[in-house]
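Notes for the one structure printed next.
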Amino acid sequence: MKQRIVWQGIMLDLLAQKVLYIPQYQILVISDWHLGKLGYFRQEGLFVPPMRVQDELDRLGQLLQKETVQKVIFLGDLFHSVWNREWDDFEAYLKQFPHIDFILTKGNHDLLSSVFLKQSSLQVLDYLKLDDVFILSHEPIAGLSSTILNIVGHIHPGVGVNTKGRQQFRLPCFYLNSNVLTLPAFGKWTGLYMIKKTEDNRLFPIVGNDVIELT
Amino acid sequence: MNPIADVWFFNQGWQPHKFQKKTWSAVSKGKSGLLNAPTGFGKTFALWFGVLQHYYGDKRFLKQRERLKGPKLHTLWITPLRALSKEIYKATQAVSADLELDYRIELRTGDTPVSARQKQRKSPPQALITTPESVHLILASKGAADYFKNLEFVIVDEWHELLGSKRGVLIELALSRLKAINPNLKIWGVSATIGNLDEAQEILLGKGHEGVMVKADIQKKLVIETVMPDSLEKFPWAGHLGIKLLDKVVDIVNRFGTTLIFTNTRSQSEIWYQHIINQYPEFAGVLAIHHGSLSDEIRQWVEQSLHEGKLKAVVCTSSLDLGVDFRPVDCVIQIGSPKGIARFLQRAGRSGHRPYETSYIYYVPTNSLEIIEGDSLKYAVSHQIVEQRIPYIRSFDVLLQYLTTLAVGDGFDAEVIFQEIKQTHCYESISNEEFKQCMAMLIHGGNSLSAYPDFHRLVKVDGLYKVESRKLAMRHRLSIGAIVSDVMMRVKFMSGKYLGSIEEYFISRLKAGDVFWFSGRQLELIQVRNLEAVVKPSSRKTGVVPSWMGGRFSISPDLGIAIRHSFSHIHKKSGKSREIRFLHPLFKEQEKRSGLPKEDELLVEYIHTRYGYHLFVYPFDGKLVHEGVAQVLAYRLGKLQPISFSIASNEYGFELLSPTPFSIDLDLITQLLSPAHVHQDISAGINVQEMARRRFRDIAGIAGLVFQGYPGRQMKGKHLQANAGLFFSVFEDYDPHNLLLRQAYDEVFDFQLEEGRMQRAFDRISTHKILLTFPNRMTPFAFPIFSESFREKYSNEDWQSRLEKLKLQLEGKLDS
């Protein structure tokens, strides 16, 4: 079960897979995947086991099968730091989908040298504008008109929910605050930045296979 | 026998104690050993003059000395604290000055400037006074073996304090290396009385290294008094602050010269300091605060003022537990349960420091039931019950750090080092296979089968393993040690004056403009810049108090025994202590609302409140055991119906709280508490994984998986920042047999669950009659447990169905 919100008459689907889908544009938005993170740690001499990259890539593959997708937008922090072999695996994987455009709006962790990026099938932008309705970027852009929804990532939002019997859950969430919609991190090995529910914001935690709005 | 000591003692007009003479004699015979003596009787001199006599009088050594060009390092004196190092430095330096000896002594701690360290390397003094971490830092430098080649003595001060920690393992490892470099090495430990002194000596000296034990037969006089509230009725049932007794505490302070007021946490010390100053403004200027988060500058000022007798009282934490003598202190106050007998005695010993003076300690309970611990403490002290210090074994995290340390230094031969560490208590049981796995982690970044070409840590050069990357070496030197702390934020005024540091997670909860207490001042947060919180003084009335980590100690098993003994006295007709007589009305209330268990009875209460359905059980077995027993009980209940609990516990009992009702009767509860299959139920029922995950935080830090950053500088390699929880998940997923992961689980079973103690608790309970009651509201026993803010979870409902429930609640279909 997904959650649907509407902006300027256009529907946005918040999926439990921690991604955003905009049916009108057939666009899939993915934020903060942080691929290559473990490989980077190993390069720096930390003895973590290597990642099973294929498992991660399959998560993308399943989404591409399920929805009709023309474009995939990575909202930054796609690859954690400089080159390692996990990048090659990722790049090879993208080649399986020649009919899909892959776009990256650059984030603070995307330090991969432009040589690698140019060779890849990725198109790299600072931000992406969809008509006069949406702007997609890694971090919020200041001074936008309030009629434009800025879709961003970067902070890995999460929310703590208390339930009866003094139990607690920490859940990743979509986070809407005035005209900024922040996506949860897609990456498996990422943390959460906890957001508090206020009158002005809307939080959509991912609860198992569902996305539910916190009221 | 010891001419140098004779002269010096004669000049001072002192008579040496018997234990001092014994120690001199043992040292002069070239022996190693352990010295057990109370503070204030000159235990430092007992060893120091042994050392001096060897340097100036030992014939064999003198011959050897002649052949050396210039002075070489003769003695390492290792203490757990920088403050203590300074104290030892002053005392020993004074001897050299008084007797005009050319025996040079220098300090080598984290405070020592780089230039001084370099000088110490080029022209070493005869003695270095240092910390375990600094010794490892020297081992992590080129030419370390050469530097230590002429070392004759290692003295480990306050060994009891190091023994039960991973810093103790650092000592064991350093000694294994130093013994190999110099087979003539004499090793001496200094220890307060603990339950396992003999073992402490064996571990310090290591396998096959003989030694003697010297015990001082000096008893210090100790007076313990419990501070009672005027009326039991107005005293709270729960809580850990103790502010209600503030007036009485101030009365005591006024009766003595200088008082140390010990609290259990740093935040508690801030609260006490604020309350005293607010209610007794005349204390301004003569009351100070001292805890581990304050800047060195502030702490040194407090310590200096204490020495000079300028202060009436200091509110402090364990930061003043150790070592250094403050002569003017003649009274100690302990706020709240000291959680252990040894700690209580140690704090008591901070007063009446001079030989043959009486130590006064006042125990201030923070809630009604805690009053009984006054009775327990006196019982424990009079029966000489003291805790053991349980040493760590098989700490692979420290081993990985040590191997990297050696690789950063001179490099090492794996086989040689393996033989050396096998001589230590900590690693005597590790197998060749396990050592190989450690090496594989450092060489290949995992088990050698999945060798990965982009991994570089250790490289073999001319048969020795070395770290070649300068960046890695630098990072490693900065992370040497076995204390892992949270990310700290520096607290500063606009002007730049530095007050101290607070855990980042606390500051991150504050907004600009919020007011909090720190360093005994009320401060307003102006802004957070990098890792600095900029503040200004504030006079606003309402403040947030820092609630720092730490201080969530559990009571020691030995104090637990003493407390059970006290509770067994409740029903006695006569000979009851003052504490128990005072608590009589509370026990009456407990009896009225529910029941009061006799010594061979176990009380169980089932209470329904607006919070849910509570099951309270009171085995009086200490918090640690209760946590485990509660999980087993929750698991067994869960086998009957799907259910989720939140669990709280304290020293007396535990609580299972469920949002949904469950049925309970005498048969069922008897069955639930059965001693059969405890082991299976622990393994199946306790969320060991979650406990191990928490343990893993320290392990990852020590092993070098999590880099804490460069001191005082913002992390440059922000990309390397990852919390240990992430690494734990990665290992669980991709490398479940990893040694560090296994270590986390072993530590849970050894130190947290204490399976043996749990089994004994179940066995004991099975001989008891169960008293099951259904009170209609909270009881005096129940309330303090219910009020514990820290809770564990238990659920046998799968994640999915718990999420379903959460969903219903979020959708408003289930009232919250």
Legend entry - Crossing angle, helix B:432-444 versus chain B [Cα axis fit, 0-90 degrees, rounded to tens]: 80 degrees
Legend entry - Helix B:557-567 axis, angle to chain B major axis (alpha carbon atoms, nearest 10°): 40 degrees
Legend entry - Inter-probe distance in nm under a simple model that places probes 7 Å from Cα toward Cβ, at B:His383 and B:Lys497: 5.2 nm
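Largest first and in whole Å, what are the equivalent-ellipsoid semi-axes of region B:7-93 based on the Cα gyration tensor, each being the root of 5 times an eigenvalue?
Each semi-axis is the square root of five times an eigenvalue, giving 23, 17, 13 Å.
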Legend entry - chymotrypsin sites (Phe, Trp or Tyr not before Pro), loop per DSSP, at most 11 other Cβ atoms within 10 Å - longest free stretch of chain B: B:357-789
Legend entry - Cβ charges +1 (Lys, Arg) and -1 (Asp, Glu), total dipole of region B:221-382, debye: 220 debye
Inset, instruction - Give me the percent of DSSP beta bridges within chain B that run antiparallel, rounded to the nearest 5. - result: 40 percent
Inset, instruction - For chain B, find the longest principal axis of its Cα atoms and tell me its angle to the long axis of helix B:82-98, 0 to 90°, nearest 10. - result: 30 degrees
Legend entry - Distance violations [Cα-Cα > 25 Å] among B:Lys119/B:Lys142; A:Lys188/B:Lys460; B:Lys207/B:Lys471; B:Lys31/B:Lys149; B:Lys149/B:Lys186; B:Lys119/B:Lys310: A:Lys188/B:Lys460; B:Lys207/B:Lys471; B:Lys119/B:Lys310
Inset, instruction - Take every DSSP beta bridge whose two residues both sit in the protein assembly as shown, then give the antiparallel share in percent to the nearest 5. - result: 45 percent
Inset, instruction - Kindly write out, for region B:376-384 in residue order, the coupling ³J(HN,Hα) from the Karplus curve 6.51 cos²θ - 1.76 cosθ + 1.60 (θ = phi - 60°), rounded to whole Hz, with x marking Gly and Pro. - result: 5, 5, 5, 4, 4, 5, 6, 9, 6
Inset, instruction - Ratio to report: Rg/Rh of region B:488-537, with Cα atoms as the point set and Rh obtained by the Kirkwood method; give two decimals. - result: 0.89
Inset, instruction - Could you calculate the FRET efficiency of B:Thr358 with A:Asp55 from 1/(1 + (r/R0)^6), where r is the beta carbon distance between them and R0 is 60 Å, rounded to 0.05? - result: 0.30
Inset, instruction - Work out the length of the dipole vector of region A:1-133 about its Cα centre, built from +1 on the beta-carbon of each Lys and Arg and -1 on the beta-carbon of each Asp and Glu, and round it to the nearest 20 debye. - result: 160 debye
Inset, instruction - Provide the per-residue ³J(HN,Hα) series for region B:742-752, in order, calculated from phi with Karplus coefficients 6.51, -1.76, 1.60 and θ = phi - 60°, each as a whole number of Hz, with x at glycine and proline positions. - result: 4, 4, 4, 5, 4, 5, 4, 5, 7, 9, 9
Legend entry - B:Asn776 versus B:His307: modelled label distance in nm, points set 7 Å from Cα along the beta carbon direction: 6.5 nm
Inset, instruction - Please report, in debye to the nearest 20, how large the charge dipole of chain B is about its Cα centre when each Lys and Arg carries +1 at its beta carbon and each Asp and Glu carries -1 there. - result: 2120 debye
Inset, instruction - Report the one residue of B:Ile507, B:Trp517, B:Val534 whose Cα lies farthest in the direction of the positive end of the charge dipole of region B:488-537 (charges on C-beta: Lys and Arg +1, Asp and Glu -1; origin at the Cα centre). - result: B:Val534
Legend entry - Percent antiparallel among DSSP beta bridges (both partners in region A:148-215, rounded to 5): 75 percent
Inset, instruction - Restricting things to alpha carbons, find the Rg to Rh ratio for chain A using the Kirkwood radius for Rh. - result: 0.96
Inset, instruction - Determine the principal axes of the Cα atoms in region B:3-215, then give the extent along each, sorted from largest to smallest and rounded to whole angstroms. - result: 44, 40, 33
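Counting only C-alpha contacts under 8 Å and six or more residues apart, can you give the relative contact order of region A:86-215 as a whole percent?
17 percent
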Legend entry - Reach of B:Lys511 by Cα under 18 Å, taken over lysines that are not fewer than 8 positions away in the same chain: A:Lys196, A:Lys197, B:Lys492, B:Lys536, B:Lys541
Legend entry - B:Thr258 long-range amide H proximity, modeled H, under 5 Å: B:Asp330, B:Cys331
Inset, instruction - Towards the positive end of the charge dipole of region B:393-483, with charges on Cβ (+1 Lys, Arg; -1 Asp, Glu), say which of B:Ala414, B:Met441, B:Val467 has the farthest Cα. - result: B:Val467
Inset, instruction - With a bin width of 20 angstrom, please list the P(r) values of the protein assembly as shown as percents of all Cα-Cα pairs, from the 0 bin to the one holding the largest distance. - result: 11, 37, 38, 13, 1
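Does region A:62-151 come out rounded, prolate or oblate, given a ≥ b ≥ c as the square roots of the eigenvalues of its C-alpha gyration tensor, rounded meaning a/c under 1.5 and, failing that, prolate meaning a/b above b/c?
Since a/c reaches 1.5 but b/c is at least a/b, the shape of region A:62-151 is classed as oblate.
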Inset, instruction - Largest first and in whole Å, give the semi-axes of region B:393-483's equivalent ellipsoid, each being the square root of 5 times a Cα gyration tensor eigenvalue. - result: 20, 16, 13
Legend entry - Convex hull volume per residue for region B:221-382, taking Cα atoms only, in Å³: 105 Å³
Inset, instruction - Would you mind computing Rg(Cα) / (2.2 N^0.38 Å) for chain B, counting N as its residues? - result: 1.00
Inset, instruction - Specify the residue with the greatest mean-square fluctuation among A:Lys196, A:Lys37, A:Lys66, computed from a Gaussian network of chain A linking alpha-carbon atoms under 10 Å apart. - result: A:Lys66
Inset, instruction - Would you kindly derive the ³J(HN,Hα) couplings of region B:753-764 from the backbone phi angles with the Karplus curve 6.51 cos²θ - 1.76 cosθ + 1.60 (θ = phi - 60°), listing them in order in whole Hz, with x for Gly and Pro? - result: 7, 6, 3, x, 5, 5, 4, 4, 5, 4, 4, 5
Inset, instruction - Along Cα→Cβ, 7 Å out, is where each label goes; now give me the distance between the ones at B:Lys436 and B:Glu210 in nm to one decimal. - result: 3.8 nm
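Throughout, read-outs are computed from the coordinates displayed, never taken from laboratory work. If you're wondering where the values come from, they're calculated on a predicted model, not measured in any experiment. For neighbour counting, all protein chains shown are included, and Cβ atoms are generated from backbone atoms with ideal geometry for every residue, glycine included.
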